[in-house]
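Participant: Dumping the structure here so I can ask a few things about it.
Any read-out appearing in this document is the output of simple, stated calculations on the displayed coordinates, not a laboratory observation. All values derive from a computational prediction rather than experimental measurement. When we count neighbours, we look across all protein chains shown, and the Cβ atoms used for this are built from the backbone with ideal geometry, even at glycine.
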Amino acid sequence: MIIETKYSNSVEVTEDKLIQFENGLPAFEDETSFVLLPFDTETPFYVLQSVQSVDTAFIVVNPFEFVKSYQVKIPDSTLEQLEIEKEEEVAIFVTLTVREPFSDTTANLQGPIIVNTKERKGKQIVLSDDSYQTKHPIFKPVETATKEGK
């Protein structure tokens, strides 16, 4: 099928690439079918694009690439709902709030998106761990070295 996307114009996707969100995403409950597209081959970012609405698309990323200590405890009810049987079937993404400059971009570590890559089912959960924020900075400022005395 060919779908219109927010960032890439039209793309062709096969049915086996669709991810079904039984209850949609929070505030987007009517959007239940998404596809995960690379934002750009040179970056670690993806677009979680709704198949139903061209304007419903989220920039997402694997949080473990940016926050090494990030931990997600997936509730048993979510494991059951998504039919997750093995850890290898799980992919976790977080949505980004893109800012200008891009280095000010933040990630919603409080609401990871859990995907069963085998069954192609997804769900966004809310973590009870208050050490994670909805607007967590993912880029640390680059410290500039001084050249005094050299």
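Participant: Given H placed 1.01 Å from N in the peptide plane, which residues other than close sequence neighbours of Lys121 have an amide H under 5 Å from its amide H?
Facilitator: Under 5 Å from the amide H of Lys121: Gln20, Asn116.
Participant: Report D for the chain in µm² per second (integer): Stokes-Einstein, Kirkwood Rh on Cα pairs, 10 °C, 1.306 mPa s.
Facilitator: On the way: Rh = 16.6 Å.
Reported coefficient: 96 µm²/s.
Participant: Pairwise over distinct Cα atoms, reciprocal of the mean inverse distance: report the Kirkwood radius of region 61-113 in Å, one decimal place.
Facilitator: Values: mean 1/r = 0.0799 Å⁻¹.
For region 61-113, inverting the mean 1/r across all distinct Cα pairs yields 12.5 Å.
Participant: Sum -39500 (n - 2.57) across every DSSP H segment of at least 4 residues in the chain, then divide by the residue count to get the 222 nm mean residue ellipticity, nearest 500. Intermediate results must be reported in sequence, preceding the final value.
Facilitator: Details: 1 runs with 6 residues, N = 150.
Taking each H run of at least 4 residues, the total per residue is -1000 deg cm²/dmol.
Participant: Just to verify a number: FRET efficiency for Lys135 and Thr78, C-beta to C-beta distance, R0 = 25 Å, to 0.05?
Facilitator: On the way: r = 23 Å, r/R0 = 0.93.
The calculated FRET efficiency here is 0.60.
Participant: May I ask you to order 22-30, 131-139, 109-117 by the average number of other C-beta atoms within 10 Å around their residues, highest value first?
Facilitator: On the way: 22-30: 12.8, 131-139: 14.9, 109-117: 20.4.
Going from most to least packed, we get 109-117, 131-139, 22-30.
Participant: When only C-alpha pairs under 8 Å and at least 6 residues apart count, what is the relative contact order of the chain, in percent? Please list the in-between numbers first.
Facilitator: Numbers: 271 pairs, mean separation 27.0, N = 150.
The value is 18 percent.
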